[in-house]
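Asks: Before I ask anything, here is the structure I am working with.
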Protein chains: 2
Amino acid sequence: MNMLKEPSLSNPHDCVDCPIRHRAVCARCETDELEALEQIKYYRSFQAGQTLIWSGDQMDFVGSVVSGIATLTQTMEDGRTQMVGLLLPSDFVGRPGRDGAAYDVVATTDLVMCCFRKKPFERMMMETPHIAQRLLEMTLDELDAAREWMLVLGRKTAREKIASLLSIFARRDASLKVDVSKDTLVFDLPLTREAMADYLGLTLETVSRQISALKKDGVIHLEGKRHVTIPNLSRLLEEAGDDADGGIMV
Amino acid sequence: MNMLKEPSLSNPHDCVDCPIRHRAVCARCETDELEALEQIKYYRSFQAGQTLIWSGDQMDFVGSVVSGIATLTQTMEDGRTQMVGLLLPSDFVGRPGRDGAAYDVVATTDLVMCCFRKKPFERMMMETPHIAQRLLEMTLDELDAAREWMLVLGRKTAREKIASLLSIFARRDASLKVDVSKDTLVFDLPLTREAMADYLGLTLETVSRQISALKKDGVIHLEGKRHVTIPNLSRLLEEAGDDADGGIMV
DNA sequence: CGCCTTCTTGATCGAATTCAAGGAATGTGG
DNA sequence: CCACATTCCTTGAATTCGATCAAGAAGGCG
């Protein structure tokens, strides 16, 4: 495990240079609004594996993921665990207007958060429609994602579930790529087999078996345990049970 | 099937007398804001079984359920369907800022909707923070509900799933009851076995069997197919795998 | 009455879980 | 540098829970 993330990112820096400036909760803010946000923001870094927030904890901040990946999980008393969200850069953490955290938030990779003190942020939300509007938009998107995931959890087979998860990673990866033209996608799985299982409502053994099966059938290529190549994205989407073309709702 | 819902409700009437006045998207509106809303609202009635909105359809309105129950469902090409939401009185339908409907919306009972023409409503949202604030709050609640349901779909057994669904009905019913003191709850199931199966990611046979099992074990009583008595709510919650006490997050 | 739709129950089957063992990669301390 | 531990992953065998296939019961309604 990396002992220290480069600390530069955790030092204060300008919103203007921020990598998530145009996708995060602050996306619609004007220059003066950004300046007000700068007053109440601070950065925090977390190591891979660290729990940022425990379900039930008092929350004194909300914020945005700047870099890295975190998971949102729910756990039953007997230990059964379900991941209910995957937090990627620009995603929002916390719920304005509520004190207790509803889920565990765990850093899957090293992570940097841009945090806002909760009370001042809530006050700003009342005064700054641009923030509330953007938060509503993001929340509606998350709701759609959650509902799409309900279909995955409730009705898809293990093989389709794995293909669906890989599609998410692939789609995300494609959106970061400059060259969209070529159909071949390459990325590293950001989750362990167990974390994938928790996302998909499966056991880690089933995840492992289905990944092996997709590999054997040529739907994916695997180098090592994490490095994935998708030779044919539409083939993967077919395996996921989605309609041929991405299926991104406008 | 009832041929006609009493038509009185579908005629224009004052927001002030509205049964969902304090829970719907208009909950925070002042008198003058309500008057503006009255200008763009109209009522529509639907019969049980009718599809209000088809996934992919152009949406020219958004609105609130005034009375009755509707479901939000997603369907795969091969016919597998997953219910992704249950719309009860005061719940909001439609997504401001998007043209196409993402899900089928089907009336489970006779239903009355308070509709707002979409464009004027979107304009009002920009000008009326009270509406946007309330919509954000409601959307965050729905997101929490969707995530709780992900746990149900991903990790609970068939028996726990049924108990969880019954708990939702019971909880909702309890909130409408005057006398909260007594532990015994009585209500009619608002869904067919098939609709319950679609909500829970099960088959209707499994739903039927698990309901029979819960009946045999005295967790519920059944009169006819739909009329349910819960003699002991905490017993039911235990069967649902939730922590003993309601588990409503503050 | 017979015809729907909705629901129940039984028998069988199969996909995913559970239980179990071991492999691969990485790190640690002698 | 090697023995050993740890974490993450894979694979096999047995089991089980829910699905599927099938038949018939219970109402509601023309």
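Any read-out appearing in this document is the output of simple, stated calculations on the displayed coordinates, not a laboratory observation. Note that this is a predicted model, so its numbers are computed, not measured. Ideal geometry is used to build each Cβ from the backbone, glycine not excepted, and the neighbour counts take in all protein chains shown.
Asks: Working only with C-alpha atoms, what are the Rg and Dmax values of the protein assembly as shown, expressed in angstrom?
Replies: Just the Cα atoms of the protein assembly as shown yield Rg and Dmax of 23.5, 70 Å.
Asks: Another question about this same structure. Of all alpha-carbon pairs in the stretch A:7-152, indicate the percentage at a distance above 27 angstrom. Can you show the working numbers first?
Replies: Working: 2005 of 10585 pairs.
Across the stretch A:7-152, Cα pairs with separations above 27 Å total 19 percent.
Asks: Between A:71, A:139, A:31, which gets the highest mean-square fluctuation from a Gaussian network model of chain A, Cα cutoff 10 Å?
Replies: Highest fluctuation among the options: A:31.
Asks: Going by how many other beta carbons lie within 10 Å of each one, how would you line up B:124, A:150, fewest first?
Replies: Numbers: B:124 20, A:150 25.
Ranking B:124, A:150 by Cβ neighbours within 10 Å, fewest first, gives B:124, A:150.
Asks: Which whole-angstrom value gives the distance between the alpha carbon centres of the stretch A:106-140 and the stretch B:97-176?
Replies: 22
Asks: Calculate the translational D of the stretch B:84-211 in whole µm² s⁻¹ from Stokes-Einstein, where the hydrodynamic radius comes from the Kirkwood formula applied to all Cα pairs, the temperature is 4 °C and the viscosity 1.567 mPa s.
Replies: Working: Rh = 17.1 Å.
Approximately 76 µm²/s, per Stokes-Einstein.
Asks: For chain B, find the longest principal axis of its Cα atoms and tell me its angle to the long axis of helix B:129-155, 0 to 90°, nearest 10.
Replies: On a 0 to 90 degree scale, this one is about 20.
Asks: Another question about this same structure. Distances from residue A:51 to the same residue in each other copy, label points 7 Å out along Cα→Cβ, in nm, shortest first?
Replies: Relative to the other copies, residue A:51 has label-point distances of 4.5 nm.
Asks: Mind putting together the pair-distance distribution for the stretch B:157-239? All Cα pairs, 5 Å bins, whole percent per bin, short to long.
Replies: Result returned by the calculation: 3, 16, 29, 28, 16, 6, 2, 0.
Asks: List the distances, in nm and shortest first, from the label point of residue A:77 to the matching label points in every other copy, placing each point 7 Å from Cα along the Cα-to-Cβ direction.
Replies: Label-point separations across copies, in nm and ascending: 4.5.
Asks: Are there any GluC sites (Glu not before Pro) in the stretch B:16-62 that are in a DSSP loop and have at most 10 other Cβ atoms within 10 Å? List them by number.
Replies: On the way: sites: B:30, B:33, B:35, B:38; in loops: B:30.
In loop regions of the stretch B:16-62 (DSSP not H, G, I, E or B), the sparsely surrounded GluC sites (Glu not before Pro) are B:30.
Asks: Run the label-point distances for residue B:217 please: 7 Å along Cα to Cβ, every other copy, nanometres, shortest first.
Replies: Counterpart label points of residue B:217 in the remaining copies fall at 3.6 nm.
Asks: Please give the charge dipole size of the protein assembly as shown, origin at the Cα centre, charges +1 on K and R Cβ atoms and -1 on D and E Cβ atoms. Round to the nearest 20 debye. Walk me through the intermediate numbers first.
Replies: Values: 60 positive and 76 negative charges, 206 e Å.
Using Cβ point charges on Lys, Arg, Asp and Glu, the protein assembly as shown gives about 980 debye.
Asks: Just counting partner chain Cβ atoms within 10 Å, what average do the residues of peptide B:93-100 show around their Cβ? Walk me through the intermediate numbers first.
Replies: Values: counts 0, 0, 6, 3, 4, 5, 1, 2.
Mean shielding count: 3.
Asks: Using the eigenvalues of the Cα gyration tensor, what equivalent ellipsoid semi-axes result for chain A when each is taken as the square root of five times the eigenvalue, whole Å, largest first?
Replies: Rounded to whole Å, the semi-axes are 32, 20, 18.
Asks: Still on this model: Which whole number gives the average, over all residues in B:123-129, of C-beta atoms from other chains lying within 10 Å of the residue C-beta? Walk me through the numbers before you get to the answer.
Replies: Values: counts 0, 0, 3, 2, 1, 0, 6.
Counting other chains' Cβ atoms within 10 Å and averaging over B:123-129 gives 2.
Asks: List the aspartates and glutamates whose Cα sits under 16 Å from the Cα of residue B:156, skipping any in the same chain fewer than 8 residues away.
Replies: Filter leaves A:77, A:78, A:198, B:148, B:198, B:238, B:239, B:242, B:243.
Asks: Let me ask something else. May I ask for the angle, rounded to the nearest 10°, between helix B:31-40 and the longest principal axis of chain B, with both axes built from Cα atoms and the value confined to 0 to 90°?
Replies: The angle comes out near 90 degrees.
Asks: Angle check, please: helix B:158-176 long axis (alpha carbons) against the longest principal axis of chain B (alpha carbons), in degrees 0 to 90, nearest 10.
Replies: Helix B:158-176 sits at roughly 50 degrees to that axis.
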